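The next block holds one structure in the form of structure tokens; read it before the comments.
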């Protein structure tokens with residue numbers, strides 16, 4: 001009896017995937033069929049029957065004449081549920097192969113607020129890096145932020161939701177000491193990756209200026225990374241020259257002069273078997289991440305196993321059983337041969 005009521009619970013019905021869900025719409029037509037039958041029955045010629053004077057006594061058993069219709073309606077309803085094919089699918093995913101360990105090193109110095117990329121350099125980089133996260137499968141990623149100093153914000157992890165939150169929290173001024181300590185950032189990234197056992201270890205360093213802070217020489221840091229088997233991709237963000245940077249006291253756009261040390265960025269990438277990319281607008285930056293995504297592919301194979309179980313049988317048996325009950329009731333006093 002408990003199993004029977006479980007079949008009718010909303011939670012049970014909502015847990016199914018339906019192979020023919022449109023058939024469930026016909027459930028609303030079941031009561032309409034009985035209404036239509038009563039309308040047609042009233043249009044038939046009536047047979048005059050003489051009764052004695054006065055109304056006959058009413059008895060509760062008179063309500064039982066509706067029982068065959070109720071049983072037939074339930075039989076049709078359960079039949080439609082069975083025809084809609086309720087199913088449940090279990091999916092199991094097995095992964096094989098090895099992923100890549102990647103450190104994203106982001107410049108959060110004051111110049112990353114410059115607006116030659118929309119809405120500014122840092123916001124554009126955050127958004128595109130978040131899309132890059134969504135393309136990785138089975139890889140571990142870490143996040144480093146740097147300005148005048150460098151800090152590791154997230155360890156190597158496959159928790160991409162956590163990384164996305166950390167990315168969204170990057171902002172100019174989060175590191176008190178302003179500047180661009182590229183060498184220190186590479187040192188922190190190398191420290192994250194040096195004990196990695198992944199088949200490929202990568203640092204993606206994004207900056208818009210020249211190294212002017214920190215105690216570690218950038219080129220020495222790149223050679224140290226290469227000694228640990230780490231490949232470095234450097235991304236230079238923004239345009240050189242006069243670019244918009246906020247508004248002046250009069251409300252007009254303010255312009256500042258900026259310059260990327262492209263020579264050093266190229267040397268860093270070359271010293272660690274990587275590549276240098278230049279992104280002067282948002283579309284270019286997105287394409288840079290797409291190229292890196294193509295260059296650094298994981299050897300991850302996924303096998304998906306789907307097990308689908310049908311649950312129409314209980315509803316079909318209920319429909320057949322109720323249909324048989326209806327046939328039996330038609331041969332009793334509950335049936336109205338004048339209506340049928």
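Yes or no, residue by residue, for (1) under 24 Å from residue 119 (Cα atoms); (2) assigned by TED's automatic domain parsing to the domain that holds residue 105; (3) out of contact with any helix residue (DSSP H, G or I) (no Cβ under 9 Å at 6 or more places or on another chain); (4) exposed (fewer than 14 other Cβ atoms within 10 Å of the Cβ):
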| position | (1), (2), (3), (4) |
| --- | --- |
| 146 | yes, yes, no, no |
| 153 | yes, yes, no, no |
| 170 | yes, yes, no, no |
| 174 | yes, yes, yes, yes |
| 196 | no, yes, yes, no |
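When residues in the stretch 190-210 are screened for being part of a helix (DSSP H, G or I) and under 29 Å from the mean Cα position of the chain (by Cα), 2 of them pass. Mind telling me which of the residues 225, 269, 213 ends up being over 38 Å from the mean Cα position of the chain (by Cα), assigned by TED's automatic domain parsing to the domain that holds residue 149 and buried (at least 16 other Cβ atoms within 10 Å of the Cβ)? Being over 38 Å from the mean Cα position of the chain (by Cα), assigned by TED's automatic domain parsing to the domain that holds residue 149 and buried (at least 16 other Cβ atoms within 10 Å of the Cβ) holds for just one of 225, 269, 213, which is 213. Among the residues here, residue 134 does not qualify as assigned to a loop (DSSP other than H, G, I, E, B) and out of contact with any strand residue (DSSP E or B) (no Cβ under 8 Å at 6 or more places or on another chain).
Could you tell me whether residue 240 is in the same structural domain as residue 220 (by TED's automatic domain parsing), surrounded by 12 or more Cβ atoms within 10 Å (Cβ to Cβ) and out of contact with any strand residue (DSSP E or B) (no Cβ under 9 Å at 6 or more places or on another chain)? So residue 240 does not fit the description; no.
Scanning the stretch 166-176 for residues that are in contact (Cβ under 8 Å) with a residue 60 or more places away in the chain and out of contact with any strand residue (DSSP E or B) (no Cβ under 8 Å at 6 or more places or on another chain) yields a total of 3. Can you say whether residue 279 is modelled with pLDDT of 95 or more, in contact with a strand residue (DSSP E or B) (Cβ under 8 Å, 6 or more places away or on another chain) and surrounded by 13 or more Cβ atoms within 10 Å (Cβ to Cβ), as far as the supplied structure shows? No: the conditions fail for residue 279.
Just to be sure before I move on: is residue 213 under 27 Å from residue 227 (Cβ atoms) and assigned to a loop (DSSP other than H, G, I, E, B) in the structure I sent? Yes; evaluated as a whole, the condition is true for this residue. Of all the criteria given as (1) outside any helix (DSSP H, G or I); (2) under 16 Å from residue 210 (Cα atoms), the one not satisfied by residue 153 is (2). Residue 179 falls short on exactly one of the conditions (1) in contact with a strand residue (DSSP E or B) (Cβ under 6 Å, 6 or more places away or on another chain); (2) under 14 Å from residue 107 (Cα atoms), and that condition is (1).
Quick one: which residue in 22, 65, 42 is within 30 Å of residue 306 (Cα to Cα) and either at pLDDT below 70 or exposed (fewer than 11 other Cβ atoms within 10 Å of the Cβ) (or both)? So the residue among 22, 65, 42 that is within 30 Å of residue 306 (Cα to Cα) and either at pLDDT below 70 or exposed (fewer than 11 other Cβ atoms within 10 Å of the Cβ) (or both) is 22. When residue 121 is tested against (1) in contact (Cβ under 8 Å) with a residue 24 or more places away in the chain; (2) more than 25 Å from residue 228 (Cβ to Cβ); (3) surrounded by fewer than 20 Cβ atoms within 10 Å (Cβ to Cβ); (4) under 27 Å from the mean Cα position of the chain (by Cα), just one condition goes unmet, and that condition is (3). Please specify each residue of the stretch 81-117 satisfying the condition of being more than 20 Å from residue 142 (Cβ to Cβ), assigned to a strand (DSSP E or B) and modelled with pLDDT of 85 or more. Listed by number, the residues that qualify are 86, 87, 88.
The values are calculated or read from the model by the stated rules, or taken from the named source; none is laboratory data. Being a predicted model, the structure only gives us computed values, none of them experimental. A quick note on method: Cβ atoms are made from the backbone with ideal geometry, for glycine too, and the neighbour counts reach across all protein chains shown.
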